[in-house]
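Reviewing the structure listed below.
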Amino acid sequence: MKILMIEDNQSVSEMMDMFFQKEGWEYVNAYDGEEGLDQFKSNPDDFDLITLDLNLPKLDGMAVAKEIRAISTTVPLIMLTARDTESDQVLGLDIGADDYVTKPFSPITLIARIKALHRRAEIGGDSETTTDNGDYDVTTNHFKLSTKTREAYLNDVEIEGLTPKEFDLLRTLASNPKQVFSRDQLLQLVWEYEYFGDERTVDAHIKKLRQKIEKVGPQVIQTVWGVGYKFDDSGLDQ
């Protein structure tokens, strides 16, 4: 795995360098937002994952994240932030980060998050470029999804630009139509580790997922107030 770490704190970079080497991962560090963005733009396909500090000189992390997502909607992106406010964390996820880690953090925690994100990205990374009806893992009267190609369609129109986490959320919900999932359940099923009750990360991803679904058709992700979310496209038959 090759990681781009955009981090202006040299102590943090040196600390993580030791852990990356232990894992056998290649690692490129950029010390400000402009340098990090230039590194990514020079070869977007060269990096398997990006860690991005929120507070950066020259160009802040939010602006960098927007630029990265304009180039690639699929490269896994973990935001590192010293801020501990909910609005900053949700905004980072809303912009397109797949995950966030609040400073100060344990290197072991960051390594675990990286492995979880990369593992899911790899599952979809070996996909074929074409598919037929037999390749869809989830099918209903109006919806179909393929984990092989990481594509999802509503009424035969592709839902475009899904990030890895958005795709995994949609697959989890659509694989169990009408079943209600609590936010805690979705955190465990999709993120594969505990968020210690921080359920707003689910809400932020659901919001972005709904926006992309609404570009192609009616909304099929429904809120069950006080409980969580469910997938239900039965209303489209009417």
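The values are calculated or read from the model by the stated rules, or taken from the named source; none is laboratory data. This structure is a prediction, so every number in the text was calculated from the model and none was measured. Every residue, glycine among them, receives a Cβ derived from its backbone with ideal geometry; neighbour counts consider all protein chains shown. To get the accessible areas, we keep the full protein, side chains included, count just its heavy atoms, and leave off ligands, DNA and RNA. Shrake-Rupley method; radii C 1.70, N 1.55, O 1.52, S 1.80 Å.
Within the listed set GLY217, GLY61, GLY96, the residue fluctuating most in the Gaussian network model of the chain (springs between alpha-carbon atoms under 10 angstrom) is GLY217. Shape analysis of the stretch 141-222 yields a ratio of the Cα radius of gyration to the Kirkwood radius, Rg/Rh, of 0.95. Helix 200-214 axis versus longest C-alpha principal axis of the chain: approximately 50°, rounded to the nearest ten. Helix 33-42 axis versus longest C-alpha principal axis of the chain: approximately 60°, rounded to the nearest ten.
The figure for VAL180 is an accessible area of roughly 50 square angstrom, using a 1.4 Å probe on the protein chains alone. Only beta bridges with both residues in the chain are counted; by DSSP, about 45 percent of them are antiparallel.
What is the log10 of I(q)/I(0) for the chain, computed with the Debye formula using one identical point scatterer on each Cα and no solvent, at q = 0.18 Å⁻¹? For the chain at q = 0.18 Å⁻¹, log10 I(q)/I(0) is -1.39. Using the Stokes-Einstein relation with a Kirkwood hydrodynamic radius computed over Cα pairs, the translational diffusion coefficient of the stretch 1-80 at 25 °C and a viscosity of 0.890 mPa s comes to 199 µm²/s. What's the local net charge at ILE108, with K and R +1, D and E -1, over the other residues with C-beta under 12 Å away? Around ILE108, the surrounding residues sum to +2.
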